[in-house]
1. With (1) within 24 Å of Val149 (Cβ to Cβ); (2) within 13 Å of the ligand (Cβ to nearest atom) as the list, and His114 as the residue in question, which single condition is left unmet?
2. Would you call Asp110 exposed (fewer than 10 other Cβ atoms within 10 Å of the Cβ), modelled with pLDDT under 95 and under 23 Å from the mean Cα position of the chain (by Cα)?
3. Restricting to region 176-187, name every residue that is surrounded by fewer than 20 Cβ atoms within 10 Å (Cβ to Cβ) and either in contact (Cβ under 8 Å) with a residue 60 or more places away in the chain or within 11 Å of the ligand (Cβ to nearest atom) (or both).
4. Of the conditions (1) more than 25 Å from Leu181 (Cβ to Cβ); (2) surrounded by 17 or more Cβ atoms within 10 Å (Cβ to Cβ), Thr58 satisfies every one except a single condition; which number is it?
5. Looking at (1) under 26 Å from Met98 (Cβ atoms); (2) touching a Lys or Arg at 6+ places or on another chain (Cβ under 6 Å), can you tell me which one Tyr132 breaks?
6. Counting just the residues of region 85-96 that are away from the ligand (no atom under 13 Å from the Cβ) and surrounded by fewer than 18 Cβ atoms within 10 Å (Cβ to Cβ), which one comes out nearest to Thr111 (Cα to Cα)?
7. Which one of Ala163, Ala152 is under 13 Å from the mean Cα position of the chain (by Cα) and away from the ligand (no atom under 12 Å from the Cβ)?
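The values are calculated or read from the model by the stated rules, or taken from the named source; none is laboratory data. All values reported here derive from a predicted model rather than from experimental measurement. Note that we place each Cβ from the backbone using ideal geometry, even for glycine, and neighbour counts take in every protein chain shown.
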Amino acid sequence: MKKGKFIPHPKAYERDLDPLKLSEELYRFQDKRRSVRQFSDRAVSKEVIEALIKTASTAPSGAHKQPWTFCAVSNSDLKLKIREAAEKEEYENYHGRMSEEWLEDLKVFDTDWHKEFLTIAPWLIIVFRKNYDLVDGEKSKNYYVQESVGLACGFLLSAIHHAGLISLTHTPSPMNFLQSLLDRPANERPFLLIPVGYPADDAQVPYLERKPLDQISVFYE
Ligand SMILES: Cc1cc2nc3c(=O)[nH]c(=O)nc-3n(C[C@H](O)[C@H](O)[C@H](O)COP(=O)(O)O)c2cc1C
């Protein structure tokens with residue numbers, strides 16, 4: 001006798017599936033996802049952002065605790081405050097806090113401490129991880145928080161790409177300023193800052209090659 005409540009698995013498709021065709025199609029599609037650093041100010045509706053967040057929250061999580069909060073910011077004043085605080089941290093990062101090796105690794109991206117996209121992109125989604133929840137004032141433990149929130153962010157990036165939009169995974173470290181600017185409670189810590197929108201007309205991305213299969217996988221048959 002099972003202790004929990006169970007339902008039949010909700011099959012995603014009724015038709016016969018061709019896993020090879022579908023997986024190769026998805027690979028070709030996902031291979032076109034890129035982090036973009038030049039945004040257009042073209043609007044994206046709140047409904048779109050809500051659907052993207054709902055998709056992110058379909059990710060698996062340790063003991064189904066869903067230890068995440070997605071804060072979606074379109075308010076111009078708040079975006080400016082976030083940009084100013086992020087640029088302050090990034091200025092320090094690029095002027096002493098990052099190692100020579102790190103700065104060398106970043107050269108191909110041609111990035112610096114200026115983060116115009118934080119005020120140009122129509123939305124910023126700031127993802128918070130919750131190390132614990134507060135239930136009736138009592139601490140309730142969450143498990144595998146980093147792994148769970150990382151997965152949810154992966155789902156979010158894929159959903160953004162699927163919607164024909166672009167994103168940037170941004171980490172203006174340290175990100176504590178986001179906790180106070182967004183007035184988040186003590187059990188939440190900023191995880192990623194993700195601008196979402198459309199690319200600028202002249203947007204360019206650095207040329208990158210992804211590691212081939214034989215460098216990222218080992219098969220035991
Ligand atoms: C955890 C994480 C943090 C990142 N932080 C930054 C960042 O602060 N600024 C930035 O321009 N790109 C950042 N990136 C984007 C990476 O540079 C980018 O994902 C990588 O170069 C691969 O490019 P692609 O996303 O276009 O495939 C970050 C990516 C990850 C996964």
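1. Unmet condition: (1).
2. Details: exposed (fewer than 10 other Cβ atoms within 10 Å of the Cβ): yes; modelled with pLDDT under 95: yes; under 23 Å from the mean Cα position of the chain (by Cα): yes.
In short, yes.
3. The first filter runs over region 176-187 and keeps only residues surrounded by fewer than 20 Cβ atoms within 10 Å (Cβ to Cβ), leaving 176-177, 179-187.
Phe177, Leu181, Leu182, Arg184 - these are the residues of region 176-187 that are surrounded by fewer than 20 Cβ atoms within 10 Å (Cβ to Cβ) and either in contact (Cβ under 8 Å) with a residue 60 or more places away in the chain or within 11 Å of the ligand (Cβ to nearest atom) (or both).
4. For Thr58, the exception is condition (2).
5. (1)
6. Of all residues in region 85-96, those away from the ligand (no atom under 13 Å from the Cβ) come to 85, 88, 91-92, 95-96.
After this cut, where a residue has to be surrounded by fewer than 18 Cβ atoms within 10 Å (Cβ to Cβ) as well, the list is 88, 91-92, 95-96.
Working: Lys88: 15, Tyr91: 11, Glu92: 14, His95: 13, Gly96: 15 Å.
By that ranking, first place goes to Tyr91.
7. Working: Ala163 fails: under 13 Å from the mean Cα position of the chain (by Cα).
On inspection, the qualifying residue turns out to be Ala152.
For every residue, the table says whether it meets (1) of a type in the set (S, T, N, Q); (2) within 12 Å of the ligand (Cβ to nearest atom); (3) modelled with pLDDT under 95.
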| site | (1), (2), (3) |
| --- | --- |
| Thr169 | yes, yes, no |
| Gly197 | no, no, no |
| Asp201 | no, no, no |
| Tyr207 | no, yes, no |
| Leu213 | no, no, no |
